[in-house]
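The values are calculated or read from the model by the stated rules, or taken from the named source; none is laboratory data. Computed from a predicted structure; not experimentally measured. Please note: Cβ atoms are built from the backbone with ideal geometry, for glycine as well, and neighbour counts cover all protein chains shown.
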Amino acid sequence: MKLLVSVVEAGEVGPAVRGGADIIDVKNPREGSLGAGFPHVIRDVRESTPAELPVSAAIGDFPNLPGMAALAAAGAAGCGVQYVKVGLLGPREPADALVLLREVCRAVRDRDPSARVMATGYADARRVGALLPADLPDAAARAGADGCMLDTADKAAGTLLDALPGDELEAFVAACRHHGLLCALAGSLRGDDVPRVLALGPDIVGFRGAACGGDRVDGRVDEGAVRHLRDRLGRV
């Protein structure tokens, strides 16, 4: 199981890597759950990360605007990352999600055929009026995405595990497996949540707040906190 640690700038890469992160993720939490980092920051993070470790970049919590999403995706792919994460906050219907994801996949692969697209939904979709998690894996597979992630949009309302019942999380992971997609889980997860997450069996588990003392916006990635998460997840 891969440990993804989100950073906001290149200075956080060292502690994340030394702590045992498998994937370095770039986001700007001041702009939302999947807030987009600036291109120069994404490039700096990629240059600061060991070549053997993949880097992912979030491009935003997108409204139902496929052209805007595709343009942002192309920009992120041009920064040399291995994963591009797009948040489907605006599309509420599977047909709309499919259109947006198809355009994102096309834009990314036109720029870098080796880059992977992670379609990201929200466990608290009912609260925020987004695409239901159960509808995401099928739309992602039909669009040609490589994987799905579940996060949370409303960080004040609790964790991923609070937002979605266990049976729905299990069904989400199973649907990703059925469609041959990578499966990633995130959403204000804490170290104490790791046993429940391990039981669900995703491929990737993502952390920001727990990697920097609980403050996802103003905190800094701490090597010891990352090492604690790595140890809880198990060494691979």
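Within segment 200-224, the residues that satisfy the criterion of being within 16 Å of ASP25 (Cα to Cα), out of contact with any Lys or Arg (no Cβ under 8 Å at 6 or more places or on another chain) and surrounded by 16 or more Cβ atoms within 10 Å (Cβ to Cβ) are GLY206, PHE207, ALA211, GLY219, VAL221, ASP222.
Looking for something of a type in the set (D, E, K, R), within 19 Å of LEU3 (Cβ to Cβ) and touching a residue at least 24 places away in the same chain (Cβ under 8 Å) - is there at least one such residue anywhere in segment 164-174? No, that holds for no residue. When the helices (runs of 4 or more DSSP H) confined to segment 125-236 are screened for residues that are among the small types (Gly, Ala, Ser) and touching a Leu at 6+ places or on another chain (Cβ under 7 Å), those reaching at least 2 such residues are found at 136-143. For segment 97-119, a residue qualifies if it is closer than 27 Å to ALA156 by Cβ and either free of Cβ contacts under 8 Å to residues at least 60 places away in the same chain or out of contact with any Ser or Thr (no Cβ under 8 Å at 6 or more places or on another chain) (or both), and the qualifying residues are ALA97, LEU100, ALA119.
Per the conditions (1) part of a loop (DSSP other than H, G, I, E, B); (2) at pLDDT 95 or above, the sole criterion not satisfied by ASP110 is (1). When segment 1-32 is filtered for residues that are in contact with a strand residue (DSSP E or B) (Cβ under 7 Å, 6 or more places away or on another chain), surrounded by 19 or more Cβ atoms within 10 Å (Cβ to Cβ) and closer than 21 Å to LEU185 by Cβ, the ones remaining, listed by number, are LEU3, LEU4, VAL5, SER6, VAL7, ALA16, ALA21, ILE23, ILE24, ASP25, VAL26, LYS27. Only residues that are in a helix (DSSP H, G or I) and under 23 Å from GLU93 (Cβ atoms) were counted in segment 52-78, giving 8. One residue stands out among those in segment 120-145 that are closer than 28 Å to ASP110 by Cα and free of Cβ contacts under 8 Å to residues at least 40 places away in the same chain: the one that is surrounded by the most Cβ atoms within 10 Å (Cβ to Cβ), which is GLY121. Is segment 24-47 home to any residue that is over 29 Å from HIS228 (Cβ atoms) and among the small types (Gly, Ala, Ser)? Among the residues of segment 24-47, not one is over 29 Å from HIS228 (Cβ atoms) and among the small types (Gly, Ala, Ser), which makes the answer no. Those residues that are part of a strand (DSSP E or B) and of a type outside the set (Ser, Thr, Tyr), I need them from segment 1-32; list them, please. If the condition is that a residue be part of a strand (DSSP E or B) and of a type outside the set (Ser, Thr, Tyr), then LYS2, LEU3, LEU4, VAL5, VAL7, ILE23, ILE24, ASP25, VAL26 are the ones that fit.
When HIS40 is tested against (1) touching an Asp or Glu at 6+ places or on another chain (Cβ under 7 Å); (2) over 25 Å from ALA156 (Cα atoms), exactly one condition is not met: (1).
If you go through segment 215-235 and keep only what is modelled with pLDDT under 95 and of a type in the set (Gly, Ala, Ser), you end up with GLY219, GLY234.
Taking segment 160-210 on its own, how many of its residues are β-branched (Val, Ile, Thr) and under 15 Å from ASP138 (Cα atoms)?
So the answer is 1.
Those residues that are among the small types (Gly, Ala, Ser) and either surrounded by 15 or more Cβ atoms within 10 Å (Cβ to Cβ) or assigned to a strand (DSSP E or B) (or both), I need them from segment 33-51; list them, please.
Within segment 33-51, the subset among the small types (Gly, Ala, Ser) is 33, 35-37, 48, 51.
Of everything in segment 33-51, those that are among the small types (Gly, Ala, Ser) and either surrounded by 15 or more Cβ atoms within 10 Å (Cβ to Cβ) or assigned to a strand (DSSP E or B) (or both) turn out to be SER33, GLY35, ALA36, GLY37, SER48.
If we scan segment 107-123, do we find a residue that is under 17 Å from the mean Cα position of the chain (by Cα), of a type outside the set (Gly, Ala, Ser) and more than 22 Å from ILE42 (Cα to Cα)? Checked segment 107-123: at least one residue is under 17 Å from the mean Cα position of the chain (by Cα), of a type outside the set (Gly, Ala, Ser) and more than 22 Å from ILE42 (Cα to Cα).
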